[in-house]
Amino acid sequence: MRILVTGASGFIGSAFCRLALRHGHEIAGLMLPTETPPFPGGPALPGRMDWLKGTLAEPPWPAIERFRPEVCVHFAWIATPGVYLESPENESYLRWSLDLVGR
């Protein structure tokens, strides 16, 4: 299965990617334009994962369309300790998540 993963470089997203790759799935992970793999604690299977640079606010739609995902697993969200529960960014993440699903 071809899976698009948001938040693929995060704690939960990277664990999901490692498991999905071990089970033979093709994975494309959304990463911030300023990031460069490999990520600390990220998927430890280099070369078997595509990284697409973009954000939830501005997804890389042409790259996503080329990858042709069958499923999207969405892990991207604000997770800053001590901040995430009350962060004003939560409203933006909710809007971006709904836009991603509605596409």
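The values are calculated or read from the model by the stated rules, or taken from the named source; none is laboratory data. Every value quoted in this text rests on a predicted model; they were computed, and no experiment measured them. Neighbour counts run over all protein chains shown; Cβ positions are idealised from the backbone, glycine included. Calculation scope for accessible area: heavy atoms of the full protein, side chains included, ligands and nucleic acids excluded. Shrake-Rupley method; radii C 1.70, N 1.55, O 1.52, S 1.80 Å.
Can you pull out the residues in segment 66-103 that are hydroxyl-bearing (Ser, Thr, Tyr) and open to solvent by 90 Å² or more (accessible area, probe 1.4 Å)?
Scanning segment 66-103 gives a single hit, TYR84.
Out of all the residues in segment 46-100, which are without any contact (Cβ under 8 Å) to a residue 60 or more places away in the chain and in contact with a Cys (Cβ under 8 Å, 6 or more places away or on another chain)? It would help to see each step written out before you state the result.
Taking segment 46-100 as the starting set, the residues that turn out to be without any contact (Cβ under 8 Å) to a residue 60 or more places away in the chain are 46-63, 65-66, 78, 80-99.
Matches in segment 46-100: MET49 only.
Just to be sure I understand, how many residues within segment 20-32 are within 12 Å of the chain's Cα centre (by Cα) and modelled with pLDDT of 90 or more? Step through it out loud before you land on a result.
Of segment 20-32, the ones within 12 Å of the chain's Cα centre (by Cα) are 27-32.
Restricting the remaining residues to those that are modelled with pLDDT of 90 or more gives 27-30.
Total satisfying the criteria: 4.
What do you reckon, is GLY13 open to solvent by less than 60 Å² (accessible area, probe 1.4 Å), at pLDDT 85 or above, on the phi > 0 side of the Ramachandran plot and under 10 Å from the mean Cα position of the chain (by Cα)? Break it down stepwise before answering.
Working: open to solvent by less than 60 Å² (accessible area, probe 1.4 Å): yes; at pLDDT 85 or above: yes; on the phi > 0 side of the Ramachandran plot: no; under 10 Å from the mean Cα position of the chain (by Cα): yes.
So GLY13 does not fit the description; no.
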